[in-house]
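Participant: Here's a structure for you.
Quick note: the coordinates plus some simple rules give every number you see, no bench work behind them. Computed from a prediction, not measured in an experiment: that's the story for all the values here. Quick reminder, even Gly has a Cβ in these numbers, built from the backbone with ideal geometry, and neighbours come from all protein chains shown.
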Amino acid sequence: MFEYCSDPATLTGLKWLGCFLTTGTHQNFYWSFGTVLLLLAITAPAALMFGFLGATAARSHLPPLSLIGRTYIAAVRGVPDIVYFMFFVIALDQGIEWTKHLFVCPDLSQPVWSGLEFKVCPDAKVPLATSAPIWHKIYAFGTAVVTFAIVFGAFAANVIYGAMQAVPRAQLETAEAYGMSQAQVFRRILVPQMWIYALPGLSNLWLILIKATPLLFLLGIQDIVYWARELGAAKTSGNNPYPHGDWRIFYFLGLLVFYLAFTRISEIVLGRLTARLSHGQATAAGEAMRKAAVP
Amino acid sequence: MSMTCWETVQAYGLRSLGIGERLLPREDYTICQHFTLIGSGLIWNIYFGALALAFGFFLANALALAKANRSAWVRKPAEWFIFVFRGSPLFIQFFLAYETLVLLPKSGIDVFGITVATAWTTKAWAGALFVLFLNTAAYSAEIFYGALQSIPKGDLEAAEAYGISGWKKFTRIEWPTMLRLGWPAYTNEAIFLFHATTLVFFSGFPAFQQKGDALYYANYFADKTFNPFIPYPIVGFYFILLTLALTWGFGRVNRHLNRHLPSNLKAKIRLRPALIR
């Protein structure tokens with residue numbers, strides 16, 4: 001990074017630390033924070049969408065659709081979510097490869113699951129063995145994102161379903177009395193009003209989602225936990241220009257501070273958002289704001 | 001040579017504690033083996049959950065009272081403790097604790113001439129239990145603190161009108177009411193603490209001689225058979241049973257705490273998802 005870093009053995013003190021903290025592997029470490037943020041940026045809206053679909057399905061008047069929605073919501077309640085993480089990441093991968101296997105493989109006579117193997121023809125591998133390493137990384141990250149979205153979608157569905165039930169009946173009945181159709185009531189009255197009821201639950205879910213991101217490590221992604229372990233492990237002078245002892249404790253301390261700061265900032269932002277959304281709502285908070293605004 | 005299911009249970013039923021067959025199954029991978037070994041691992045989940053909950057309950061009460069204290073010297077440390085453990089991932093807490101514990105001198109620490117051994121602290125049964133204990137104490141303390149704040153004003157005024165005050169008011173009125181109000185949320189905390197115990201063997205703490213928890217063995221089978229569709233649903237099945245048992249047990253306590261109230265005022269336990277911490 002810096003010019004004087006060319007010969008680390010001669011460095012001391014802060015200069016050594018400066019060079020040490022800007023090595024290529026450390027830059028990978030810093031980029032992996034981007035991976036975490038990217039995961040959050042994709043997963044949060046995806047989970048919200050899954051949640052919305054799940055809750056809408058659960059409210060449906062069609063029994064099979066309602067059953068699907070309810071099952072989705074109930075599924076992640078009694079079982080540790082980490083079981084789902086570990087399950088989905090393999091199941092998704094196998095599901096994708098199996099589907100591709102049905103289309104691209106010439107010989108479908110052999111069973112895919114035989115004994116202790118899951119075997120598809122080379123053409124059906126995702127990504128192909130010949131693909132660039134970057135595609136393998138993207139694929140692994142993609143399955144992780146979908147897994148997160150499915151699991152958190154179920155939780156979001158639970159929150160949104162509750163919020164939809166919490167919108168005062170009178171609001172919907174008034175809309176019906178004005179001659180709105182079911183779809184119109186849903187679109188114009190129910191959905192705009194439910195957010196304030198969903199917000200406490202969704203805020204909580206966002207904080208939980210932040211705290212779930214280190215699980216990327218379990219899904220085989222080179223995330224911040226992976227790099228903290230790699231970089232912190234003791235290095236001898238034989239294999240590394242920057243030898244040091246076991247420093248993992250400092251790296252994990254750094255991660256702890258990162259998460260604490262992230263959750264704290266989120267709490268503050270969500271607090272402001274709640275205040276804004278309470279504006280003009282038929283809730284205690286909204287009523288208090290209305291009274292405060294009257295001179 | 002394949003074993004009958006009963007033989008499998010005898011060989012692996014207590015495998016997670018190191019009793020029985022030393023080698024894990026390397027062939028067949030029957031449903032019976034799945035159920036036996038994963039069930040054996042569940043012993044550890046129950047161990048971690050039950051002990052952390054039992055010890056954590058007392059610390060949580062102390063923390064909740066400290067957080068409600070008027071003096072900043074008492075309040076601030078409690079607030080920080082709760083913030084650190086609730087604001088960061090349990091997964092990172094496990095790693096941090098483990099990396100800290102391995103840095104303790106291997107030969108032990110000298111305290112007034114007596115050597116205190118340290119090696120045992122890096123073992124999951126001690127180290128991970130300690131982290132779970134602190135973690136659940138922080139979450140429960142926040143629940144109890146919230147409950148303490150929502151004790152009806154009238155109850156306290158009534159107590160004072162009867163001449164009950166100070167410590168007696170606390171033990172007779174405030175503490176029981178706090179427990180009663182906080183109990184439904186505390187039930188959820190207990191359930192999700194048990195769920196959180198599945199993280200232990202995936203977060204730094206090694207499973208010594210392949211003695212692991214339910215998820216550890218499920219992962220073992222999934223790695224061997226490349227079939228996630230059997231072992232993980234079995235873990236799920238066991239945890240649903242565990243969740244039902246907990247809900248029942250805590251429900252009994254809840255009934256006891258609400259026994260003096262008319263039925264329409266009794267608090268109901270609703271299972272609310274809290275996910276990972």
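Participant: What number do you get for the range B:82-143 when its Cα radius of gyration is normalised by 2.2 N^0.38 Å, N = residues? Kindly include the intermediate steps, with their values, before the conclusion.
Facilitator: Details: Rg = 13.7 Å, N = 62, 2.2 N^0.38 = 10.6 Å.
That works out to 1.30 for the range B:82-143.
Participant: Can you tell me which of A:207-217, A:261-271, B:113-123, B:201-211 comes out highest on packing, and rank the rest after it, using the mean Cβ neighbours within 10 Å?
Facilitator: Working: A:207-217: 22.5, A:261-271: 14.0, B:113-123: 12.5, B:201-211: 18.6.
Order by mean packing, descending: A:207-217, B:201-211, A:261-271, B:113-123.
Participant: Further question: Run the reach check for residue B:153 against lysines, Cα to Cα strictly under 23 Å, same-chain hits fewer than 8 apart removed. What comes back?
Facilitator: Straight-line reach from residue B:153, under 23 Å: B:67, B:168, B:169, B:266, B:268.
Participant: Percent of alpha carbon pairs in the protein assembly as shown separated by more than 41 Å?
Facilitator: Details: 53905 of 163306 pairs.
Roughly 33 percent, once rounded to a whole number.
Participant: Moving on to the next point. Quick check on the range A:59-161: take the gyration tensor over C-alpha atoms, sort the square-rooted eigenvalues as a ≥ b ≥ c, and tell me if it's rounded (a/c under 1.5), prolate or oblate. Before the final figure, lay out the partial values.
Facilitator: On the way: a/c = 2.44, a/b = 1.79, b/c = 1.36.
Judged from the Cα gyration tensor, the range A:59-161 comes out prolate (a/c at least 1.5, a/b above b/c).
Participant: Would you mind giving the mean number of other chain beta-carbons within 10 Å of the Cβ of each residue in B:220-227, as a whole number?
Facilitator: The shielding value for this peptide is 3.
Participant: Quick one: order A:223, A:123 by neighbouring beta-carbon count within 10 Å, fewest to most.
Facilitator: Details: A:223 23, A:123 13.
Arranged by neighbour count, lowest to highest, A:223, A:123 become A:123, A:223.
Participant: Right, something else. Can you compute the helix-only [θ] at 222 nm over chain B? Use -39500 (n - 2.57) per DSSP H run of at least 4 residues, normalise by all residues, nearest 500 deg cm²/dmol.
Facilitator: Numbers: 10 runs with 174 residues, N = 277.
One gets -21000 deg cm²/dmol as the mean residue ellipticity at 222 nm.
Participant: Distance between Cα centroids, the range A:117-173 to the range B:110-169: provide it in whole Å.
Facilitator: Measuring centre to centre over Cα atoms gives 39 Å.
Participant: What does the average come to when, for each residue of peptide A:143-156, you count the partner chain Cβ atoms lying within 10 Å of its Cβ? Can you show the working numbers first?
Facilitator: Values: counts 0, 0, 0, 0, 0, 0, 0, 0, 2, 2, 0, 2, 4, 1.
Shielding by partners across A:143-156 averages 1.
Participant: Please grab the % of Cα pairs in the range A:3-293 that end up more than 25 Å from each other. Let's see the in-between values first.
Facilitator: Numbers: 26780 of 42195 pairs.
Pairs farther apart than 25 Å: 63 percent.
Participant: Between the range B:194-256 and the range A:209-251, how many Å separate their Cα centres?
Facilitator: 27
Participant: If the chain between residue A:246 and residue A:176 were fully stretched, how many nm would it gain, using 0.36 nm times the residue separation less the Cα-Cα distance?
Facilitator: Numbers: separation 70, 0.36 × 70 = 25.20 nm, distance 6.75 nm.
Result: 18.4 nm gained on full extension.
Participant: Looking at the range B:132-164, which chymotrypsin sites (Phe, Trp or Tyr not before Pro) are in a loop (DSSP not H, G, I, E or B) and have at most 15 other Cβ atoms within 10 Å? List each step's numbers first, then the result.
Facilitator: Details: sites: B:133, B:139, B:144, B:145, B:162; in loops: B:162.
Filter output for the range B:132-164: B:162.
Participant: How much mean residue ellipticity at 222 nm does chain A get from its helices, if each DSSP H run of length 4 or more adds -39500 (n - 2.57) and you divide by all residues, to the nearest 500 deg cm²/dmol? Present the calculation step by step, with values, prior to reporting the outcome.
Facilitator: Numbers: 10 runs with 196 residues, N = 295.
The helix-only estimate for chain A comes to -23000 deg cm²/dmol at 222 nm.
Participant: Please give the FRET efficiency for residue B:248 paired with residue A:6, using the beta carbon to beta carbon distance and R0 = 60 Å, rounded to the nearest 0.05. Don't jump to the answer; show the numbers that get you there.
Facilitator: Numbers: r = 68 Å, r/R0 = 1.13.
So the FRET efficiency works out to roughly 0.35.
Participant: Give the order of A:227, B:44 when sorted by the count of other beta carbons within 10 angstrom, beginning with the fewest.
Facilitator: Details: A:227 22, B:44 26.
Ascending Cβ contact count within 10 Å gives the list A:227, B:44.
Participant: I would also like to ask the following. Kindly put B:79, A:117 in sequence by how many other C-beta atoms sit within 10 Å of each C-beta, fewest to most. Let's see the in-between values first.
Facilitator: Working: B:79 16, A:117 11.
Ordered from fewest to most neighbouring Cβ atoms within 10 Å, B:79, A:117 come out as A:117, B:79.
Participant: What's the lysine pair count for the range A:3-293 at a Cα cut-off below 28 Å, pairs eight or more apart or interchain? Don't jump to the answer; show the numbers that get you there.
Facilitator: Details: A:15/A:235; A:100/A:119; A:100/A:125; A:100/A:137; A:119/A:137; A:125/A:137; A:137/A:211; A:137/A:235.
Close lysine pairs found across the range A:3-293: 8.
Participant: Any idea what the relative contact order of chain A is, in percent, if you count C-alpha pairs under 8 Å spaced at least 6 apart? Don't skip to the end; give the middle numbers.
Facilitator: Working: 278 pairs, mean separation 59.9, N = 295.
About 20 percent, as a whole number.
Participant: Pull out a ≥ b ≥ c, the square roots of the eigenvalues of the alpha-carbon gyration tensor of the range B:141-235, then state rounded if a/c is under 1.5, prolate if not and a/b is larger than b/c, and oblate in the remaining case. Walk me through the numbers on the way to the answer.
Facilitator: On the way: a/c = 5.86, a/b = 3.67, b/c = 1.60.
Verdict is prolate for the range B:141-235.
Participant: Can you return the aspartates and glutamates within cross-link range of residue B:106? Criterion is Cα-Cα under 18 Å, with same-chain partners fewer than 8 residues away left out.
Facilitator: Within the straight-line cut-off, residue B:106 pairs with A:246.
Participant: Count, for each residue of A:209-216, the Cβ atoms from other chains sitting within 10 Å of its Cβ, then give me the mean as a whole number. Present the calculation step by step, with values, prior to reporting the outcome.
Facilitator: Details: counts 2, 3, 10, 6, 4, 10, 6, 0.
Rounded to a whole number, the mean comes out at 5.
Participant: What ranking, highest mean first, results for peptides A:23-34, A:148-159, B:80-91 when packing means the other Cβ atoms within 10 Å averaged over each residue? Intermediate values should be presented prior to the final figure.
Facilitator: Values: A:23-34: 14.1, A:148-159: 25.6, B:80-91: 20.1.
Result, highest mean first: A:148-159, B:80-91, A:23-34.
Participant: Further, regarding this structure: Sort B:51-57, A:174-180 for me by packing, meaning the mean count of neighbouring Cβ atoms within 10 Å per residue, highest on top. Display every interim value, and only then the final one.
Facilitator: Values: B:51-57: 18.6, A:174-180: 12.3.
Put in order of decreasing packing, that is B:51-57, A:174-180.
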